[in-house]
Amino acid sequence: MLIESIQTYNFRNLTPSLVDTNHQHITLTGDNGQGKSNLLEAVYIICYGSSFRSRSHKQLIRFNEKEMSLIAQIRTQDRHHTVKLTIQDGKRRIYIDDTEISDRKALFSICTSIIFSHEDMDFVQGAPAEQRRFFDQTNSLINERYIDDLRMMNMIVKQRNAVLRQKDHSILAIYDQKLAEVGIQIQQQREETVRSFNELFPDLFETVSADGIHPEIKYVPSWKQASCVEDAIRILQNSHERDAKYEMTTTGPHRDKYQFIEHTRDFIETASTGQRRLAALVLKSTQALLYEQATGNKPVLLLDDVLLELDIKKRERFLSSLASYDQAFFTFLPDESYFKKDSYDSIAYHVERGSYSTHEESC
Amino acid sequence: MRSIDELIRGLSRLPGVGNKSASRIAYHLIQRDVRDNHLLGELISTIQDKIRLCDVCGSFTEGQICDVCQDPHRDHTLICVVEQPQDVFTIEASGVYNGYYHVLHGAISPLDGIGPDQLTIGQLIERITTGDFSEVILAMNPTEEGDTTAMYITHLLRSSRVTTSRLASGLPVGGDLEYTDKVTLARSLRGRIRMSDQ
Ligand SMILES: [Zn+2]
């Protein structure tokens, strides 16, 4: 899949324009704060309906303006789509080929992008919620039903917590049953995905780092002893007293954890910053590979300043370890030497104060 | 103009009416025969006095007991449980159901402060234990709340002699019975799924 063009209007600091992206490589160079990452964010929003940087719609709108829009022309294997996203009066609307969609989920089957950014470090060393977010994203990309299960589970947990606060426990058993049913589905998908990660991630990491380290991912479910719905119900029943005391659901997949393990030790605790950064990058390339395996589609890759972190050799090894792609966007600082000899169909933009200009000669 | 703006704002608060349609309706009201407006105004301002809830099933009625509950030719073995009075009219319009109804006036949602006691679940159990019903059809919306409500009622009826069934899928998850087309609704009524077997 490929984004042929993207039109931005009042999006962050970008000057309203139509940006031609009908190439395999799009490179964006510019100093920090000029808006080169904003185009990557725009692509991401077109793919998922929301940003990876901020939750609030308001921050996406140019300062002192009231509305914004993004329009992208997208080419997939056999079709062409126009995706439009607007924010007006604080309300987001999404259109696929001029038809408004009510759930952003419908976008996922149009175009998928994988973003590589500094924030990815959170997936490696952040709170369990951040790590769950990464693996949940992956699960949603490879299993269409997963996001429905996840939304349902979050809703059930909220309802169950409300029951615990209200101290009317007559319907607690119903929520135990419901949480167990959807929770086991989620747990099984998470187990399976970690198994798939471990078929690729350790080797990829070792190949790129070339220092003999082979870290694996360990899934640590909250319901350790549950392999079926009945087991999960029993665990929930046994935690009624504690749940009532804390007025919240203290066990369940909403509390699952992930660890990175090297030779039975916690890898992250002893890893250097460089190794953690690399682990974050390799996590994302594994995600891209798994997406392609599961769907047969190649995601659009968005690499936001991350190559800078790697020395030349690691950078080369990393780039050659990437999943095959139809299109990739890269951001660079002005004086960075990036591709030695560009054999790809590419276009280079220089970004200054939110405006894009081409400079083919610098390629 | 303030009075037009107020009318538009009032109309746009109605379900399914956006800003655009609200102003279209407002300008239409200004220009048409004043007698039609008086009649409409009268209908709106008196509707709540004329319509009340049926003593038996909780659906809308102009008398004390609704037409369905008064009809002796219906199937006495079937009772269909819905969330809202308008769901009764939706199912009636589908023409495939010939039993009685019970309206819960909502669905269980502790987050919104709605527990079993805020609904007419007690009356439902009373009707089932004293009536001739042999099958309870749980026609709640296919939402988290509707599903919880159906499970809870099934749980309460687990030791009674009735069977319970849930509308078969085909209804979109998160959907609303009221907006389901007749064909889909008829199909899901016919293909309902047993939740309990007695
Ligand atoms: Zn009645």
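The values are calculated or read from the model by the stated rules, or taken from the named source; none is laboratory data. Computed from a predicted structure; not experimentally measured. We place every Cβ from the backbone using ideal geometry, glycine too, and count neighbours over all the protein chains shown. The accessibility values were calculated without ligands, DNA or RNA, using every heavy atom of the protein model including side chains. Shrake-Rupley method; radii C 1.70, N 1.55, O 1.52, S 1.80 Å.
Charged neighbours of residue A:30, selected by a Cβ distance under 15 Å, balance to -4 (K, R count +1; D, E count -1).
Measuring heavy-atom accessible area with a 1.4 angstrom probe and counting protein chains only, the residues of segment A:155-181 that give up at least 50 Å² relative to the chain alone are A:159, A:171, A:174, A:178. Solvent-accessible area of residue A:319, all protein chains in place: 50 Å² (probe radius 1.4 Å, heavy atoms, ligands and nucleic acids excluded).
Between residue A:358 and residue B:112, what is the FRET efficiency for a Förster distance of 60 Å, r being their Cβ-Cβ separation, to the nearest 0.05?
Using R0 = 60 Å, I get an efficiency of 0.65.
Checking every one of the trypsin sites (Lys or Arg not before Pro) in segment A:92-195 against DSSP loop status and a limit of 10 other Cβ atoms within 10 Å picks out A:167.
Solvent-accessible area assigned to carbon and sulfur over chain A amounts to 45 percent, based on a 1.4 Å probe.
Between residue A:168 and residue A:105, the simple spin-label model (points 7 angstrom out along Cα→Cβ) gives 2.9 nm. At an R0 of 30 angstrom, the distance between the Cβ atoms of residue A:118 and residue A:203 translates into a FRET efficiency of 0.75. For a straight C-alpha distance cut-off of 30 angstrom, the lysines reachable from residue A:66 (same-chain residues fewer than eight places away being disregarded) are A:36, A:58, A:84, A:91, A:105, B:20.
Among A:95, A:344, B:101, the order of accessible area from largest down is A:344, A:95, B:101, computed with a 1.4 Å probe on protein heavy atoms.
In this structure, the amide hydrogen of residue A:330, modeled 1.01 Å from its nitrogen in the peptide plane, lies closer than 5 angstrom to those of A:26, A:27, A:28, A:303, counting only residues at least 5 positions away or on a different chain. In sequence order, segment A:121-135 has phi-based couplings of 3, 4, 5, 8, 10, x, 5, x, 4, 5, 5, 4, 4, 5, 6 Hz under the Karplus curve 6.51 cos²θ - 1.76 cosθ + 1.60, θ = phi - 60°, and Gly or Pro positions carry x.
Among beta bridges from DSSP that stay inside the protein assembly as shown, the antiparallel ones total about 60%. Once the cut-off is 12 Å, how many percent of the Cα-Cα pairs in segment B:2-50 end up in the long-distance tail? Counting pairs separated by more than 12 Å, the tail of P(r) holds 66 percent. Counting every Cα pair in segment B:1-143, what percent are over 22 Å apart? Every Cα pair in segment B:1-143 considered, those over 22 Å come to 54 percent.
Of the residues making up segment B:101-145, those losing 40 Å² or more of accessible area when the isolated chain is joined by the remaining protein chains, with a 1.4 Å probe, are B:110, B:111, B:144.
In Å² (nearest 100), what accessible area is buried between B and A, both sides summed, heavy protein atoms only, 1.4 Å probe?
1300
Solvent exposure of chain A, expressed per residue, is 46 Å² of accessible area, with all protein chains present and a 1.4 angstrom probe. Measuring r between the beta carbons of residue A:335 and residue A:210 and using R0 = 30 Å, the FRET efficiency lands at 0.65.
Cross-link reach is defined here as a Cα-Cα straight distance under 18 Å, omitting same-chain residues fewer than 8 places apart; for residue A:298 the lysines meeting it are A:284. Taking amide hydrogens as placed 1.01 Å from N in the peptide plane, the amide H of residue A:297 sits under 5 Å from that of no residue at least 5 positions away in sequence or on another chain.
Among the protein heavy atoms of chain B, carbon and sulfur supply 52% of the accessible surface, probe 1.4 Å, non-protein parts ignored.
Computed over segment A:128-295, the range of Cα coordinates on each principal axis works out to 58, 35, 23 Å, biggest value leading. In this rough spin-label picture, where each label sits 7 Å from Cα along the Cβ direction, the residue A:7-residue B:44 distance is 4.0 nm. Highest mean packing first, where packing is the average number of other Cβ atoms within 10 Å per residue, the peptides A:321-330, B:112-121, B:28-37 line up as A:321-330, B:112-121, B:28-37. Measuring nothing but how far apart in sequence close Cα pairs (under 8 Å, 6+ apart) lie, relative to its length, chain A scores a relative contact order of 26 percent. In µm²/s, what is D for chain A at 37 °C and 0.692 mPa s, where D = kT/(6 pi eta Rh) by Stokes-Einstein and Rh is the Kirkwood radius from Cα pairs? Reported coefficient: 149 µm²/s.
Each peptide in A:75-86, B:43-54 receives the mean, over its residues, of other Cβ atoms within 10 Å, and ordering these scores from highest gives A:75-86, B:43-54.
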